[in-house]
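The values are calculated or read from the model by the stated rules, or taken from the named source; none is laboratory data. The structure presented is a predicted model; accordingly, all values stated were derived computationally and were not measured. FYI the Cβ positions are ideal-geometry reconstructions off the backbone, even for glycines, and counts take in every protein chain you see. When the accessible area is computed, the model is the full protein with side chains, heavy atoms only, and any ligands, DNA or RNA have been set aside. Shrake-Rupley method; radii C 1.70, N 1.55, O 1.52, S 1.80 Å.
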Amino acid sequence: MYLYNSATRKKELFVPNHPDIVKMYTCGPTVYHFAHIGNLRSYIMEDILDRYLRYSGYNLKRVMNITDVGHLTSDADEGEDKMLKGARREHKSVMEIAQFYTDAFFSDCAKLGIRTPDVVEPATNCIDDYIKIISKLMDTGYAYFAGGNVYFDTSRLERYYVFNDFNAEDLDVGVREGVEEDTNKRNKNDFVLWFTKSKFEDQALKWDSPWGVGYPGWHIECSGISMKHLGEDLDIHCGGIDNAFPHHTNEIAQSESYLGHKWCNYWMHVLHLNTNDGKMSKSKGEFLTVSLLEEKGYDPRAYRFFCLQSHYRKSLVFTWENLDNAQLAYNKLIARIAALKPGDGTIDKPVVAELKEKFCKALDNDLNTSLAVTALYDVLKAPTNDETKLFVIRDFDRVLSLDLMAKADKKREELKKEAVAAGEFTIVSESGEADAEIEAKLRARQDAKKAKNFAEADRIRGELKDAGIELTDIPHGVKWKRL
Ligand code: AMP
Ligand code: ZN
């Protein structure tokens, strides 16, 4: 499998560090508000990577943090703690806010078919882990204490910018208008590892530390949580593109200074979902959530389908028209799958292998999900029986997670009910099994009855009886079961 690595700016063959495990870390949500569908684009695409690694046979261990402290309104350690802002907005405690929005996040993920990572760790659970790392960074001179806070000294590094395709000035965390410059910092890009003196005095959550009562910076959380659960090395680290700088840059700076060796091999960044007027953001007030999509009658999986139709390394523009098109295409796809007849033929293994090859080739090429979706449509067109098609679609959906089989089953049931209501001849199998040969005989018997050829109808019933099939006539159809 080839993955684009933001750290080297190349597509690279994926080779895990260890033969028996793949270690993956994902930056989790800051739980001060609902996730918007932009955030969820990142989680959907990371979920594809998670699922495809498992599908390819890797033993994946995936860890995600929940940021419930330390993430200030500006990623440059300025402003106030987003959690506190959320708590104040809703007249609740920080922990209440954290619990509520963590639950909301996983409920959205479930609706979008996103797996919950193997380990989900709230940042507030791991204070000792951060203190251990910061203590060593202080001892080795990578960190300094100034004005009540502990800072990482970026001037100690030979190479600080890892992801930058641009010049250093473009990436410097500038001091924003209306935010006071932190004069404690020795260098512009130094960042806080531990706050005791914040820009605000009413921080709700505080812990004792060698540097005084305070709380961790946002960046140290991900290094600490990753090392706690995955040890001293990491295969893949992912997040949205805005995390590349300064967050991931700072994670690398502090982790590698602490460990004394390389930390993570592959960095995967998902480009943003934008609206016509720019990047979607929680701070913009009104933003799009999964619940809003549902209220407007969209299926959350249609949004997932929309995301899969474009590559994760391209920014994606959200419009209602685009979502309408995705919903329509998704409905058509389900209808086509529902039209396939379970039990029609036996699984054709060479065809399965051929279809799977195309699907894997797409995903092996830096997760080309739009080509993987094309491979799914190819299954519908393949010159093979329905049972084989259904087998392959079920298999692909282990990665795509579009809920195709359950939705198609539901659609099939609906169609049956509609047919009954319309007085059409329907065949019901008591066990739910479908058998094309039996169904053909039942239709022939029905045709015979219609033509008043009762002898032929009885002959067919007898033939089926001899084969161990019992029939019961029902209004507008027939029910059958194996004896
Ligand atoms: P947050 O909850 O703000 O910490 O962000 C959660 C994740 O969503 C991070 O990986 C961000 O990089 C990512 N993210 C933020 N905005 C967008 C966006 N508009 N499109 C895609 N991903 C985003
Ligand atoms: Zn992170």
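When you go through (1) among the charged types (D, E, K, R); (2) out of contact with any Ser or Thr (no Cβ under 6 Å at 6 or more places or on another chain); (3) closer than 28 Å to N184 by Cβ one by one for E90, which number turns out not to apply?
(3)
Given W263, W218, which one is within 14 Å of ligand 1 (Cβ to nearest atom), hydrophobic (A, V, I, L, M, F, W, C), in the same structural domain as C27 (by TED's automatic domain parsing) and in contact (Cβ under 8 Å) with a residue 24 or more places away in the chain? Even if it seems obvious, please write down each step before you answer.
Values: W263 fails: within 14 Å of ligand 1 (Cβ to nearest atom).
Just one listed residue meets the conditions, W218.
Could you tell me which residue of region 381-414 is nearest to the chain's Cα centre (by Cα), considering only residues that are farther than 27 Å from A110 by Cβ and surrounded by 13 or more Cβ atoms within 10 Å (Cβ to Cβ)? Lay out the reasoning, then the answer.
First pass over region 381-414, keeping only residues farther than 27 Å from A110 by Cβ: 381-389.
Now narrow it down to the ones that are surrounded by 13 or more Cβ atoms within 10 Å (Cβ to Cβ): 382, 384-389.
On the way: A382: 29, T384: 32, N385: 32, D386: 30, E387: 29, T388: 28, K389: 26 Å.
Of everything passing the filter in region 381-414, K389 is nearest to the chain's Cα centre (by Cα).
State which residue is nearest to the chain's Cα centre (by Cα) when the search covers only region 419-441 and only residues that are polar (S, T, N, Q) and open to solvent by less than 60 Å² (accessible area, probe 1.4 Å). I'd like the intermediate steps shown before the answer.
Taking region 419-441 as the starting set, the residues that turn out to be polar (S, T, N, Q) are 426, 429, 431.
The next check asks that each one be open to solvent by less than 60 Å² (accessible area, probe 1.4 Å); those that pass are 426, 429.
On the way: T426: 40, S429: 37 Å.
Checked region 419-441; the qualifying residue nearest to the chain's Cα centre (by Cα) is S429.
Please tell me if L471 is touching a helix residue (DSSP H, G or I) at 6+ places or on another chain (Cβ under 8 Å), farther than 17 Å from E424 by Cα, open to solvent by less than 40 Å² (accessible area, probe 1.4 Å) and assigned to a strand (DSSP E or B).
Values: touching a helix residue (DSSP H, G or I) at 6+ places or on another chain (Cβ under 8 Å): yes; farther than 17 Å from E424 by Cα: yes; open to solvent by less than 40 Å² (accessible area, probe 1.4 Å): yes; assigned to a strand (DSSP E or B): yes.
So L471 passes the test.
Report the residue count in region 194-215 for those that are at pLDDT below 80 and closer than 15 Å to H71 by Cβ. I'd like the intermediate steps shown before the answer.
At the first step, the residues of region 194-215 found to be at pLDDT below 80 are 197-204.
Those still in the list that are closer than 15 Å to H71 by Cβ too: 198-200, 203-204.
Number of matching residues: 5.
Taking region 43-69 as the search range and keeping residues that are within 11 Å of ligand 1 (Cβ to nearest atom) and under 24 Å from N189 (Cβ atoms), which one is surrounded by the most Cβ atoms within 10 Å (Cβ to Cβ)?
So, considering only residues that are within 11 Å of ligand 1 (Cβ to nearest atom) and under 24 Å from N189 (Cβ atoms), the one surrounded by the most Cβ atoms within 10 Å (Cβ to Cβ) is N65.
For region 32-48, which positions are over 16 Å from N243 (Cα atoms) and within 16 Å of ligand 2 (Cβ to nearest atom)?
Residue satisfying the conditions is Y32 alone.
Taking the condition of being within 16 Å of ligand 2 (Cβ to nearest atom) and open to solvent by 10 Å² or more (accessible area, probe 1.4 Å), how many residues in region 1-26 meet it? I'd like the intermediate steps shown before the answer.
Just the residues of region 1-26 that are within 16 Å of ligand 2 (Cβ to nearest atom), to begin with: 6-7, 23-26.
Subsequent filtering for residues that are open to solvent by 10 Å² or more (accessible area, probe 1.4 Å) retains 6-7, 23.
Qualifying residue count for the region: 3.
Residues K23, K11, K61: which one is in contact with a strand residue (DSSP E or B) (Cβ under 7 Å, 6 or more places away or on another chain), more than 21 Å from D364 (Cβ to Cβ) and not in a helix (DSSP H, G or I)? So that I can check it myself, show each step before the final result.
Values: K23 fails: more than 21 Å from D364 (Cβ to Cβ); K11 fails: more than 21 Å from D364 (Cβ to Cβ).
The match here is K61.
Got a number for residues in region 288-311 being open to solvent by 30 Å² or more (accessible area, probe 1.4 Å) and under 26 Å from Y25 (Cβ atoms)?
Counting residues in region 288-311 that are open to solvent by 30 Å² or more (accessible area, probe 1.4 Å) and under 26 Å from Y25 (Cβ atoms) gives 1.
Do you know which residues across region 266-281 are of a type in the set (D, E, K, R) and either free of Cβ contacts under 8 Å to residues at least 60 places away in the same chain or within 16 Å of ligand 2 (Cβ to nearest atom) (or both)? Let's see the steps before the verdict.
Pass one, region 266-281, residues of a type in the set (D, E, K, R): 277, 279.
The answer is D277, and nothing else.
Any residue that is part of a helix (DSSP H, G or I), in contact (Cβ under 8 Å) with a residue 24 or more places away in the chain and over 22 Å from W263 (Cα atoms) - is there at least one of those in region 141-151?
The initial filter retains those residues of region 141-151 that are part of a helix (DSSP H, G or I), namely none.
No, there is no match, as no residue in region 141-151 is part of a helix (DSSP H, G or I), in contact (Cβ under 8 Å) with a residue 24 or more places away in the chain and over 22 Å from W263 (Cα atoms).
Using the structure shown, decide if N274 is surrounded by fewer than 21 Cβ atoms within 10 Å (Cβ to Cβ) and in a strand (DSSP E or B). So that I can check it myself, show each step before the final result.
Working: surrounded by fewer than 21 Cβ atoms within 10 Å (Cβ to Cβ): yes; in a strand (DSSP E or B): yes.
Considered against the rule, which asks whether it is surrounded by fewer than 21 Cβ atoms within 10 Å (Cβ to Cβ) and in a strand (DSSP E or B), N274 comes out as yes.
So F106 passes all but one of these: (1) within 14 Å of the chain's Cα centre (by Cα); (2) in contact (Cβ under 8 Å) with a residue 60 or more places away in the chain. Which condition number does it fail?
(2)
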